[in-house]
Amino acid sequence: MENKLHVQDLRISFRTGNGKVQAVRGIDFDLAKGETLAIVGESGSGKSVTSKAILGILAGNSIVESGEIIYDGQDLLKISEEDFHKIRGDRIAMIFQDPMSSLNPIVRIGRQLTEAMLLKGKIRQRESKRSFRTYLKNLEDMMAASASNETERARAAVSCRKFQQFERKHTELESAYNTSHEGATEALDDIGIIAFELEKNTVAKGAADRIKDIARRSRESLNKYVVDPDKYKAEVLQNASALEGNFQKKDYQAVLENLYRLREIMTEGAEKPKPNFFRMGYYLTFSDKPLPDMPLEKLNDFLLDYLEKDFMTDFVSDAQRALIYSANQCYARIRTAVQELESARSVYAAEQLDKNKCVDTWKKLGETVKGTIDPLAISKDSLVYTFSPSMRSELDKYFHGVKANVGILRRHERERRKYDAIVSRGGKPDWEVAEAAVTDLELIKTNLSHIIDRLTAHYQNVLNTADSRDYHTETIAAIDYLMQNSSGIVDKVTPRIARHRAIRLMEEVGISEPHKRFRQYPFEFSGGMRQRIVIAIALAANPDILICDEPTTALDVTIQSQILELINRLKVERHLSVIFITHDLGVVANMADRVAVMYAGKIVEYGTSEDIFYHAAHPYTWALLSSMPDLDTNEKLTAIPGTPPNMIYPPKGDAFAARNQYAMQIDFERQPPMFRISDTHYAATWLLHPDAPKVDPPKAVIDRIARMNQRREAENE
């Protein structure tokens, strides 16, 4: 399954007046395409800090001590704010606990919905245009470089120019279609509203202007590729003209008939299959003939046959040769890079790092690693793209720490002497001396070595699997990539299109009367409806990843259920990957594919939904399950005793030990490792050690699992 997000060894602290709070302490997880990962834990467990780090909105006093958050070949911990603007709210969107934190109270809902579409639409158009031109240029260069003679080199240049020519025609055709199709669909919306008003004899003020607008948009939506051109054109023009005339005569019955006929014709057109404009673009550009008059399905087949015989077969062959050549060039550079990485180990393993030597080595390695990037690879190689910024970040932290540690240790020593002086005089200070918040230089050196080791191992794997690549499939994917970016260029979002899409989004998230609600303010909505609006805004740019940070906590139980069902449905329909943050394990029982249970900044248990709910292994997970209400629970729910630890002074051993009735002596002395229970299930508790005593979960948990199994068996019968 394709991985959308990779988080590794994430450590985040916050500077406070009382010392450094360790909020996230070395967590790892992956998010696969189309899955829901639930991160569950009490307040202060670090779950929301993790989600904010992914979105790049950590507080100003945060310290990212280590780790990586890899998305689309970029480490989100190391990219600039400008780069984050291209991702935040577009590729990765977030729903917050309080919907009003995402809504402007004095701006109408419609404007807040369309604003994001208009801004992100322009960005995506620019990105698509840049990606198309860059990739086609790289492909042409590699075609020429891999050619065995002058004829092949000349053919490469001509074929790439031809591709660009008919792609331009393709985009013109698709743009015209999109504009007319959006206009027709929007006119259909208004037809429904006007027809409803006429039927109820409640014609609103300004209806005449709206009728004229419907007629205008109906005429503009003519597109000869949607339905039979003569019939469509004649009927639309006839009914659009009659519509205005009958309204002026106040013959509302005739107006209704005109509206219904218009809707019928335009609905028929909107439901027709979409033509293949890519094939059509080539035919109209190079055949010097009009499109043949035949049904759409046969026309698409005819155009495909013409395209393949006249152009695409040779183009695919040349492109495949270019991909093979480009890959082999990269393999040669990878072998050189492996040697340089091996040589660089000693520079970063020195007892005390030399700044000039480290920086010079980093620059040379960065250039070498950059050279191993295949310009014809569609998917970004995350380790390669993030190598240079990751090394630079660690070096900056190291040499900053060398200077800063001196002052920090001096201040810490003064605090210690002050504390000891008070104690020596018989006093009892009401404060403690926090551990010196020095930069761990040895940890940074370890991180530097780890970055080099990981990339070296990755390169070895690339070289070992070189012979198994399917270049024909990759070539087809490359051409599809060019086509997708070409279509992205013409996906222009105008205010009218944005309004129509916003209304459709409002319908999608379950808001009734969207045309009316579009012009309302946030205070005119209930809490549940406001959260639906926030979800619609989050979906406006069609993101890859949706982060839900306790989106139902502020809502009553009935509305909670509706919002959860909505998020689940949207995930399936839009192929979203979802990170769901919550303190209530019960909330995610029926929607999470995998669950990460967090406590005191660490993931203490990790597994599938089945693993966590039916085979929980960590005492903290047991405690969460025991405190989770259900309809069949007759006994008093068990509260988790005590409070989470003060993370300015993190416990030496297991952070949950003080609240854990099953704690052993080792829990207070050493942090447990993550024990593997199965291929999908892991837990960090000493109870899983082979020498630990056998401990059964609490009776409340055992009874709950039994009830859940009974319900599941009954449902399967």
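The translational diffusion coefficient of the chain, from Stokes-Einstein at 20 °C and 1.002 mPa s with a Kirkwood hydrodynamic radius over alpha carbon pairs, comes to 71 µm²/s. Normalised by residue number, the volume inside the convex hull of the Cα atoms of segment 399-517 is 341 Å³ per residue.
Here the Karplus curve 6.51 cos²θ - 1.76 cosθ + 1.60, taken at θ = phi - 60°, turns the phi angles of segment 10-21 into couplings of 6, 10, 9, 10, 10, 6, 9, x, 9, x, 8, 8 Hz, with x standing for Gly and Pro.
Starting from the Cα gyration tensor of segment 495-644, take the square roots of the eigenvalues, sort them a ≥ b ≥ c, and report rounded, prolate or oblate (rounded when a/c is under 1.5, otherwise prolate if a/b is larger than b/c, else oblate). Kindly include the intermediate steps, with their values, before the conclusion.
Working: a/c = 2.69, a/b = 1.98, b/c = 1.36.
Judged from the Cα gyration tensor, segment 495-644 comes out prolate (a/c at least 1.5, a/b above b/c).
Give me the number: length gained by fully extending D703 to L291, i.e. 0.36 nm times residue separation minus the C-alpha to C-alpha distance, one decimal in nm.
Working: separation 412, 0.36 × 412 = 148.32 nm, distance 7.07 nm.
This chain segment gains 141.3 nm when fully extended.
To the nearest 10 degrees, how steeply does helix 207-220 sit against the main Cα axis of the chain, on a 0 to 90 scale? Its long axis makes an angle of about 80 degrees. Every Cα-Cα pair of segment 1-86 was included, and the share exceeding 18 Å stands at 44 percent. Peptides 289-302, 553-566, 609-622, ordered by how many other C-beta atoms sit within 10 Å of their residues on average, highest first, read 609-622, 553-566, 289-302.
Ranking G653, G488, M708 by how far each Cα lies toward the positive end of the dipole of the chain (charges on Cβ) leaves G488 at the top. For the chain, the solvent-accessible area works out to 50 Å² per residue, with a probe of 1.4 Å and every protein chain left in place.
Distance between the 7 Å Cα→Cβ label points at A332 and E507: 5.8 nm.
Name the residue farthest towards the positive end of the dipole of segment 407-488 from the options V423, I408, L463, assuming +1 on Cβ of Lys and Arg, -1 on Cβ of Asp and Glu, about the Cα centre. Of the listed residues, the answer is V423. Helix 495-508 axis versus longest C-alpha principal axis of the chain: approximately 60°, rounded to the nearest ten.
Using a simple spin-label model with pseudo-atoms 7 Å out from Cα toward Cβ, D480 and R168 lie 2.8 nm apart.
For the chain, the longest principal axis of the C-alpha atoms and the axis of helix 471-490 are separated by about 70°. So who's got an amide H within less than 5 Å of the one on S66, skipping anything under 5 residues away but keeping other chains? H placed 1.01 Å off N, in plane. Those qualifying (amide H under 5 Å, at least 5 residues apart or on another chain) are R11.
Across the chain, the relative contact order, built from alpha-carbon pairs under 8 Å that are at least six residues apart, equals 24 percent. Amide H to amide H, with H built 1.01 Å from N, F580 comes under 5 Å of L37, A38, I39, C548, counting only residues 5 or more places away or on other chains. A Förster radius of 35 Å, combined with the Cβ-Cβ distance separating K694 from A639, puts the computed FRET efficiency at roughly 0.85.
If you take the C-alpha gyration tensor of segment 81-122, multiply each eigenvalue by 5 and take the square root, what semi-axes do you get, largest first, in whole Å? Working shown, then result.
On the way: eigenvalues 76, 42, 13 Å².
Here the semi-axes work out to 19, 15, 8 Å.
In this Cβ point-charge picture (+1 for Lys and Arg, -1 for Asp and Glu), segment 462-507 has a dipole of about 560 debye about its Cα centre.
May I ask you to derive the FRET efficiency for E524 and F84 from their Cβ-Cβ distance with R0 = 30 Å, giving the value to the nearest 0.05? Could you put the intermediate results ahead of the total?
On the way: r = 33 Å, r/R0 = 1.09.
Computed FRET efficiency for E524 and F84 comes out at 0.35.
Calculate for the chain the 222 nm mean residue ellipticity that helices alone would give, adding -39,500 (n - 2.57) per DSSP H run of length 4 or more and normalising by residue count, nearest 500 deg cm²/dmol. Mind dumping the intermediate values first?
Numbers: 21 runs with 397 residues, N = 717.
The helix-only estimate for the chain comes to -19000 deg cm²/dmol at 222 nm.
Residues whose amide H lies under 5 Å from that of A684, counting only those 5 or more places away or on a different chain, are E605, F675; hydrogens are built 1.01 Å from N in the peptide plane. Here the mean projected area of the convex hull built on the C-alpha positions of segment 504-577 is 4.9 nm².
How about segment 441-487: which trypsin sites (Lys or Arg not before Pro) there are in a DSSP loop, with at most 14 other Cβ atoms within 10 Å of their Cβ? Write down the numbers at each step before the final one.
Working: sites: K445, R454, R469; in loops: R469.
In loop regions of segment 441-487 (DSSP not H, G, I, E or B), the sparsely surrounded trypsin sites (Lys or Arg not before Pro) are R469.
Counting Lys and Arg as +1 and Asp and Glu as -1, each charge on the Cβ, what is the dipole of segment 109-149 about the Cα centre in debye, to the nearest 20? Please report the intermediate quantities before stating the final value.
On the way: 9 positive and 4 negative charges, 59 e Å.
The dipole magnitude comes to about 280 debye.
Rounded to the nearest 0.05, the FRET efficiency derived from the C-beta distance between R410 and D354 at R0 = 22 Å is 0.35.
Charge dipole (Cα centre; +1 on Lys/Arg Cβ, -1 on Asp/Glu Cβ; no other charges) of the chain amounts to roughly 2400 debye.
The values are calculated or read from the model by the stated rules, or taken from the named source; none is laboratory data. No experiment lies behind these values; they were computed from the predicted model shown. Positions of Cβ are generated from backbone atoms using ideal geometry, with glycine treated the same way; all protein chains shown enter the neighbour counts. We work out accessible area using only protein heavy atoms, side chains counted, and drop any ligands, DNA or RNA first. Shrake-Rupley method; radii C 1.70, N 1.55, O 1.52, S 1.80 Å.
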